[in-house]
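A quick write-up on the structure given underneath.
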């Protein structure tokens, strides 16, 4: 039992800067557990985003690179083409992936780059103060949608994972969440599957993880989890979106 | 064995990169550098390297960022409007100290401008371009041969100092054909160990490549280190060519295609007995301030001619420190300085 609660080897013994109840710490740990399970810590190169997870390289104990905001999949493409036998994954938030980096994610998927994308969707820009994200759901108030997100003014939430499904180069897409132990285990399974597909040379895959942001949702951590289960998944249903394996 | 053939400047640049060991190229179509992208699409496959036609210039420069951080020699190319898009990536490359080569085959601007040869990106290339306190090395070829030679050299310089290097050419140099000659057995030079590269942390501590330095004073110390490197480059790797400057009373300062026109003027006027010389900077950053200052100390006058409103002119003014001895003749947006006008200006000085 004591084995199970140890810090993963792939995780540094560091205090994170994340707010109480934030999902990033959980996702970081899930990734580290999968890397440990697959015994690939010494053959992994991760690309961190710009956004709340910009300091991921302070928490992960494997090789990590920075990328300019949204260019994360382009940087991963460069790394993977030179080092095809390493595990290369990006870790991106919704602003990084679905706003400024829309072009890079779609074209990396369309080229069928053999990389993994961990997409953490919390529906706001956390790092800059809770502004509206492309994935902010209708009716949600943010720093830059004070009258809530309205389809006629701010547009609809962008379902980028569903958009990616039409691309033949994209082999596996799944949306998961972190709201209870079962969902956490499910997320871990999805991340593991994405990494395994890459190691087998199967091509591009992405796991979208619905994650809480208590600070900018104005809710406590428990209520944030409840909001995902009761509201967010109505816009972003959980499950496998594409699996061609 | 020497091989010799007719090549465009764009293709000579591509071959120079391949001979320097570049095996990663990402680019996006834009005139007047398209021959280079097309050349790399063919040659990279032959050399078992990587060619990617990226979705944008932003993606291309960031693919180079990714390839470079693994230790590979990597290059991208574009022309003026596309180079503007790459500035974000160039700033990150400079901040993260990633060696890389960027080719700018300049065209007319601002905006979409036109597709004629121009030298109006001098400020952008030599004074920053992207955000932050940084420099990149800027090399200025004047012939198809130098498109090959300087691109070949660029990779060794980039690795030596962990810095992006730009080949600043223009549409005329990119498109024109001239004889190109090199040793078929030429090998990559200046290969250095890259213990900083990310390859997976096998048998070593994990490491990061980043430009984000948040701690108190950390970024300032990093920037001070960059400035020390820039001073070292200025001291050791400032390069220029001189023609007939020994006894010259008047010296033309010109780079790239324009230096070729200027050299014709020097030859013509020397035949008339006029003591004219040519100063052709090969590094625009670092700029050869000291050598020009020395030439000015000998009492020479200077005519700066370039395909811009007077961008390199500002560096010559900084070097000479005496505007009364400097004349300027510039053409913009596809205009090419004419021999006849250069000679008139020299005679009027």
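Every read-out reported here was derived from the displayed coordinates using simple, explicitly stated rules and does not represent laboratory data. This structure is a prediction, so every number in the text was calculated from the model and none was measured. Glycine gets a Cβ as well: all are built from the backbone with ideal geometry, and neighbour counts include every protein chain shown.
Side notes on the structure shown:
- Here the calculated FRET efficiency for residue B:324 and residue A:58, from their Cβ-Cβ distance with R0 = 41 Å, stands at 0.10, rounded to the nearest 0.05.
- Remark: spin-label model distance residue A:19-residue B:45 equals 5.2 nm, labels positioned 7 Å along the Cα→Cβ axis.
- Calculated log₁₀ intensity ratio I(q)/I(0) where the Debye formula runs over C-alpha points of chain A, q = 0.10, 0.13 Å⁻¹: -0.42, -0.73
- Relative contact order of chain A, taken over Cα pairs closer than 8 Å and 6 or more residues apart, is 19 percent.
- Short-range pairs are left out: with C-alpha atoms under 8 Å and at least six residues apart, the relative contact order of the range B:242-348 is 30 percent.
- Nearest-ten-degree value, helix B:80-95 long axis tilted from longest Cα axis of chain B: 60 degrees
- Inter-part distance where the range B:51-98 and the range B:186-264 are each reduced to a Cα centre, Å: 16 Å
- Residue order for A:192, B:231, A:81, fewest other beta carbons within 10 angstrom first, comes to B:231, A:192, A:81.
- Note on residue B:231 and residue A:143: with the Förster distance fixed at 45 Å, the Cβ-Cβ geometry gives a FRET efficiency of about 0.55.
- Once the C-beta distance of residue B:344 and residue A:163 is scaled by a Förster radius of 56 Å, the resulting FRET efficiency is 0.35 to the nearest 0.05.
- Percentage relative contact order, the range B:2-236, counting C-alpha pairs under 8 Å, at least six apart: 26 percent
- Counting every alpha-carbon pair across chain B, the share separated by more than 26 Å comes to 48%.
- Tensor-based shape of the range B:290-349 (alpha-carbon gyration tensor, a/c under 1.5 rounded, otherwise prolate or oblate): oblate
- The separation of the range A:58-96 from the range B:282-319, counted between C-alpha centres, amounts to 43 Å.
- For chain B, the longest principal axis of the Cα atoms and the long axis of helix B:144-161 meet at an angle of about 50 degrees.
- Separation of the residue B:271 and residue A:230 label points, Cα + 7 Å toward Cβ, nm: 9.2 nm
- Judged by the gyration tensor of its Cα atoms, with axes a ≥ b ≥ c, the protein assembly as shown is prolate; a/c meets the 1.5 cut and a/b is the larger of a/b and b/c.
- Judged by the ratio a/c of the largest to the smallest principal axis of the C-alpha gyration tensor, the range B:57-186 counts as oblate, that ratio being 1.5 or greater while a/b is no larger than b/c.
- Mean-position separation - Cα centroids, the range B:110-170 and the range A:186-228, in angstrom: 43 Å
- Sorted by Cβ density within 10 Å, fewest first, the residues B:198, A:83: A:83, B:198
- Each stretch of four or more DSSP H residues adds -39500 (n - 2.57); spread over every residue of the protein assembly as shown, this sum gives -11000 deg cm²/dmol at 222 nm.
- Using alpha-carbon coordinates, inclination of helix B:218-236 to the longest axis of chain B, degrees: 50 degrees
- Listed from fewest to most Cβ neighbours within 10 Å, the set A:128, B:151, B:283 follows the order A:128, B:283, B:151.
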